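Encoded as structure tokens, the structure appears first; notes follow it.
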Amino acid sequence: MQTLLSRLAHPLEITLVILCTYLFFSWTHGSGKPNPTYNSAFIDSAVACHGTSGCNGTAETPGNHSYAFFSALWNAEYLQPALVLGYSIRKYHPDIPLYLLVKPDSDLRKDMFCQLETVGWTIKEETRVDAPIDQVKKQFRDNFTKLKLWSYTQFDAIVYLDADTLVRDRVDDLFTLVDKDSYPNDGFEFAAALDNYGQWSLDFNAGIMVLRPNHAVYQEMLRLLPQTDNYNVKWAEQGFLNEYFRFRFLHLPEQYNFNLAFVSRHRQTFRRLKPDLKIIHFTISKPWRMLRIEFEASAIWTHASEEMKRSVSFRRCGNGLVKDH
């Protein structure tokens, strides 16, 4: 029986068959991108322990559904988004406490702390977890302090949100994902959404995290942190956590952490998804820095900011950056 190639009368036909075959496999196997590699030793449970049982830890949390939202404000530059974030969380979750991590040497003034407390934040001063090497970008160095969230065992579950996010609906269903009472046989301990910025990624974005605190896990993280050859230190705590939780985290739908970078590549898709987005992450464009609204996603944050100013009085705080209407 003749083979397909022997039936082809012209070399051009052979070339077209080969090209079509290549394009098919490229499209069906990740658009021709190389397969990911997993070189970090953190994957190996003989090198790193993962989770309460893996780290021989005990369930230290109170077990009474004690939940809290956390964020971080390392400098005054992000005061405005932190205020709007706090307002947006409190709007949908009036009975769940909000904690804001700040540095002892922060440039935040007394009137700024007053404004933050007015929208619902409880200020939690926290010493820094130092970056393991000097090469970490300056704007990311303080983010390693987010690892201290695992040490707050007075809570059964924590939802952490970066200050440049906005809550648009109830998201307290996230807490039950990692609450040990919901999953008594260990269950999930960490959840995050993939870092979908318009191109597919296998890494999660650490701007929204759901976690179960455990001191043994926290100590293991501190032990592993100096091993910078096992993670992409360029991305600071996000690079570290991705390797630590590789293959071991619960994937959240992107509606719980919608990366605004996605919009520049897929604007029409954003418009279709917009009604269902619970948390928007302003990763690229920062509406609070704009003199004018550049696109509709920025208008969502601006609308929330204006609503906050109409609903919350900051008069008792003196001459701060936020003015009442």
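Per-residue answers, yes or no, for (1) more than 19 Å from Trp301 (Cβ to Cβ); (2) among the aromatic types (Phe, Trp, Tyr):
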| position | (1), (2) |
| --- | --- |
| Leu85 | no, no |
| Phe113 | yes, yes |
| Glu117 | yes, no |
| Thr122 | yes, no |
| Arg128 | yes, no |
| Ala131 | yes, no |
| Lys137 | yes, no |
| Phe144 | yes, yes |
| Phe188 | yes, yes |
- Query: For segment 69-85, what are the residues that are among the small types (Gly, Ala, Ser) and over 16 Å from the mean Cα position of the chain (by Cα)?
  - Reply: Ala76
- Which numbered condition trips up Tyr78, out of (1) more than 22 Å from Asn242 (Cβ to Cβ); (2) in a loop (DSSP other than H, G, I, E, B)? (2)
- Task: Under 7 Å between Cβ atoms, at least 6 apart or on separate chains: pull out the pairs that start in segment 234-248 with a residue that is under 16 Å from Ser201 (Cα atoms) and end on any residue that is assigned to a helix (DSSP H, G or I) and not basic (Lys, Arg).
- Result: Gly239/Val233; Glu243/Phe42; Glu243/Asn230; Arg246/Phe42; Arg246/Ile43; Phe247/Ile43
- Quick count over segment 225-234, residues being assigned to a helix (DSSP H, G or I) and touching a helix residue (DSSP H, G or I) at 6+ places or on another chain (Cβ under 7 Å), is 2
- Task: Specify which of the listed residues (Asn56, Asn64) is surrounded by fewer than 16 Cβ atoms within 10 Å (Cβ to Cβ), at positive phi and of a type in the set (S, T, N, Q).
- Result: Asn56
- Note on the structure: Those residues of segment 263-302 that are more than 18 Å from Arg168 (Cα to Cα) and in contact (Cβ under 8 Å) with a residue 60 or more places away in the chain come to a total of 3
- Task: Give segment 201-224 a look and list any residue that's of a type in the set (A, V, I, L, M, F, W, C) and either outside any loop (DSSP other than H, G, I, E, B) or more than 16 Å from the chain's Cα centre (by Cα) (or both), or say none.
- Result: Phe204, Ile208, Met209, Val210, Leu211, Ala216, Val217, Met221, Leu222, Leu224
- Could you please let me know if Glu243 is out of contact with any strand residue (DSSP E or B) (no Cβ under 9 Å at 6 or more places or on another chain) and surrounded by 18 or more Cβ atoms within 10 Å (Cβ to Cβ)? yes
- Item | Those residues of segment 252-276 which are among the aliphatic types (A, V, I, L, M) and outside any helix (DSSP H, G or I), in sequence order | Leu252, Leu260
- Top-ranked residue in segment 314-325 [being of a type outside the set (A, V, I, L, M, F, W, C) and within 30 Å of the chain's Cα centre (by Cα); ranked as modelled with the highest pLDDT]: Gly320
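Looking at Phe42, Phe69, can you tell me which residue is outside any loop (DSSP other than H, G, I, E, B), touching a strand residue (DSSP E or B) at 6+ places or on another chain (Cβ under 9 Å), modelled with pLDDT of 85 or more and surrounded by 18 or more Cβ atoms within 10 Å (Cβ to Cβ)? Steps first, answer last, please.
On the way: Phe42 fails: touching a strand residue (DSSP E or B) at 6+ places or on another chain (Cβ under 9 Å).
Just a single option satisfies the conditions, and that option is Phe69.
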- Query: Any idea which of (1) surrounded by 17 or more Cβ atoms within 10 Å (Cβ to Cβ); (2) modelled with pLDDT of 90 or more is the one Pro226 doesn't satisfy?
  - Reply: (1)
- Hey, Lys286 hits all of (1) surrounded by fewer than 14 Cβ atoms within 10 Å (Cβ to Cβ); (2) basic (Lys, Arg); (3) modelled with pLDDT under 90 but one; which does it fall short on? (1)
- Exactly one of Tyr92, Tyr87 is more than 22 Å from Asp181 (Cβ to Cβ) and surrounded by 17 or more Cβ atoms within 10 Å (Cβ to Cβ), and that one is Tyr87
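The values are calculated or read from the model by the stated rules, or taken from the named source; none is laboratory data. In this text, all values refer to a predicted model and were calculated from it rather than measured experimentally. With ideal geometry, Cβ positions are generated from the backbone for all residues, glycine too; neighbour counts draw on all protein chains shown.
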